[in-house]
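Presented below is the structure to which this report refers.
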Amino acid sequence: MRIESAEVVVTSPGRNFVTLRLTTDDGLVGLGDGTLNGRELAVASYLRDHVAPLLVGRDAHRIEDTWQLLHRGAYWRRGPVTMTAIAAVDVALWDLKAKAAGMPLYQLLGGASRNGLLAYGHASGRDTEELFDSIRHHLDEGFRAIRVQISIPGVGSVYGVSSVRAAGERADHYEPAVRAGLSIEEGWDTRAYLRHVPTVFEAVRSEFGAELPLLHDGHHRMTPIQAARLGRDLEPYDLFWLEDCTPTEDQEALRLVRQHTVTPLAIGEVLSSVWDYQTLLRERLVDFVRSSVTHTGGITGLRRLLNLAALHGARSGMHGATDISPVGMAAALHLGLAIHNFGIQEYMPHPDVTGAVFRTSFAFANGLLHPGDEVGLGVDLDVSAADRFPYEPAYLPVARLADGTVHDW
Ligand code: EZ4
Ligand code: CO
């Protein structure tokens, strides 16, 4: 099974996606997600200009060898652009191998370890009334675990809460990458946030009861001692996890947080390899690994990381916001179904228009996701439909403190 062509498809049905499309001499097509939110064209160029020429003519069955070639052979290692590009290749090769074997990918990864993947949805609101409506809406849709984000009085709209909203759009639809112009600027005030968030979880628990798993994303904004305080203040509300409480690159910061709170911690959606997690996992500083297949070197890269996590009692919590394409989401579901240390899967459904380009076989029912039983990933890309949605520049927001200082967004 030789790779005959390696084509990079950049398309924007609702938002930008980068997809690697490999074709083989026996006529199979393999897809891999290479979407890096707000920096899409860097990965597209990495793939088109530097990786595609290395792939043509190679044996598509040699997945580990290709992974090592791209990782070691580039000399320059790790980092989000490189690891996202490697992921696109790796997932496309797994898709091809599973198609050649005539099996859904999860069968090649060891078969199903569970019936379906517990998913969490994103509820948000500018106040508790909007938030409660959003939670009810998610419960009606079948979600059995819910992430809670809310505006902060005096700060206005913040991460996780929509500030720009199209007419007729659902109030809790949240897409941080804005396609009009440059980055929007949001304000931030950590003290106001620390005062407000525990009162919101108190209200949510008294409205929705003790049973519902609740999550929250701190989005990198606290110092370790502030995060320790929030973790402690949230203990009465029994969170499933507190995510990205401190800036992720400082692995040792979580030592201090851990000393002070038993609130479970999740981190790592901006990390890109197993090497970025050594302190976090060896010292058992995290409970959940937020890395996605798409940003962590594919199935091969993320499986290596999740095996290390398993040794240290940590479980998966794969990033699944809309910047993971339908291809990347399918790959996540096949891997999550197969591994033992699955924890939970983030799930933000794509807008309907995305379905004009990507046809998927995965399904969401009774709170659980399942990749389906088609051969390979179970995703098709309609290339001519993709051409109808040209790339549109989009930037993630930035955050500034009241005095104008740039803060972590
Ligand atoms: O900000 O996907 O947990 N989810 C998140 C996301 C990220 C965006 C950035 O690309 O933190 O909303
Ligand atoms: Co997050």
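Data for the structure
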| item | result |
| --- | --- |
| Restricting the range 167-203 to residues that are buried (at least 16 other Cβ atoms within 10 Å of the Cβ) and charged (D, E, K, R), the residue that is farthest from ligand 1 (Cβ to nearest atom) | 189 |
| Filter result (under 25 Å from residue 288 (Cβ atoms), touching a residue at least 24 places away in the same chain (Cβ under 8 Å) and surrounded by fewer than 20 Cβ atoms within 10 Å (Cβ to Cβ)) within the range 204-222 | 205, 208, 210, 212, 213 |
| Test result for residue 224, within 15 Å of ligand 1 (Cβ to nearest atom), assigned by TED's automatic domain parsing to the domain that holds residue 162 and either closer than 21 Å to residue 398 by Cα or at pLDDT 95 or above (or both) | no |
| Long-range neighbours under 6 Å by Cβ, at least six apart or interchain, first residue touching a residue at least 60 places away in the same chain (Cβ under 8 Å) within the range 224-242, second open to solvent by 30 Å² or more (accessible area, probe 1.4 Å) | 240/213; 241/264 |
| Filtered residues of the range 227-284 (kept if in a loop (DSSP other than H, G, I, E, B), of a type in the set (A, V, I, L, M, F, W, C) and within 15 Å of ligand 1 (Cβ to nearest atom)) | 239, 240, 245, 270, 271 |
| Which listed residue is at positive phi and more than 16 Å from ligand 1 (Cβ to nearest atom), from 301, 376 | 376 |
| Residue within the range 29-39 that is over 23 Å from residue 270 (Cα atoms) and more than 19 Å from the chain's Cα centre (by Cα) present | yes |
| Qualifying residue in the range 345-360 (condition: within 16 Å of ligand 2 (Cβ to nearest atom) and out of contact with any His (no Cβ under 7 Å at 6 or more places or on another chain)) | yes |
| The range 79-90, residues that are buried (at least 17 other Cβ atoms within 10 Å of the Cβ) and either of a type in the set (S, T, N, Q) or on the phi > 0 side of the Ramachandran plot (or both) | 82, 84 |
| Test result for residue 276, of a type in the set (Asp, Glu) and either surrounded by fewer than 24 Cβ atoms within 10 Å (Cβ to Cβ) or touching a strand residue (DSSP E or B) at 6+ places or on another chain (Cβ under 6 Å) (or both) | yes |
| Any hit, the range 250-264, residues being of a type in the set (S, T, N, Q), assigned by TED's automatic domain parsing to the domain that holds residue 318 and within 30 Å of residue 334 (Cβ to Cβ) | yes |
| Residues within the range 27-75 that are farther than 17 Å from residue 90 by Cβ, out of contact with any strand residue (DSSP E or B) (no Cβ under 6 Å at 6 or more places or on another chain) and in contact (Cβ under 8 Å) with a residue 60 or more places away in the chain, tallied | 2 |
| Failed condition for residue 43, given (1) assigned to a helix (DSSP H, G or I); (2) under 20 Å from residue 385 (Cα atoms) | (2) |
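Okay, residues lined up against (1) within 16 Å of ligand 1 (Cβ to nearest atom); (2) buried (at least 24 other Cβ atoms within 10 Å of the Cβ); (3) touching a residue at least 24 places away in the same chain (Cβ under 8 Å):
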| site | (1), (2), (3) |
| --- | --- |
| 297 | no, yes, yes |
| 312 | no, no, yes |
| 332 | yes, yes, yes |
| 353 | no, no, yes |
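One line per residue, one yes/no per condition, for (1) polar (S, T, N, Q); (2) touching a Leu at 6+ places or on another chain (Cβ under 7 Å); (3) surrounded by 20 or more Cβ atoms within 10 Å (Cβ to Cβ):
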{"position": "247", "(1), (2), (3)": "no, no, no"}
{"position": "263", "(1), (2), (3)": "yes, yes, yes"}
{"position": "271", "(1), (2), (3)": "no, no, yes"}
{"position": "290", "(1), (2), (3)": "no, no, yes"}
{"position": "300", "(1), (2), (3)": "yes, no, yes"}
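The values are calculated or read from the model by the stated rules, or taken from the named source; none is laboratory data. Being a predicted model, the structure only gives us computed values, none of them experimental. Every residue, glycine as well, gets a Cβ built from its backbone with ideal geometry; the counts of neighbours run over all protein chains shown. Surface areas here come from the heavy atoms of the whole protein model, side chains and all, with no ligands, DNA or RNA. Shrake-Rupley method; radii C 1.70, N 1.55, O 1.52, S 1.80 Å.
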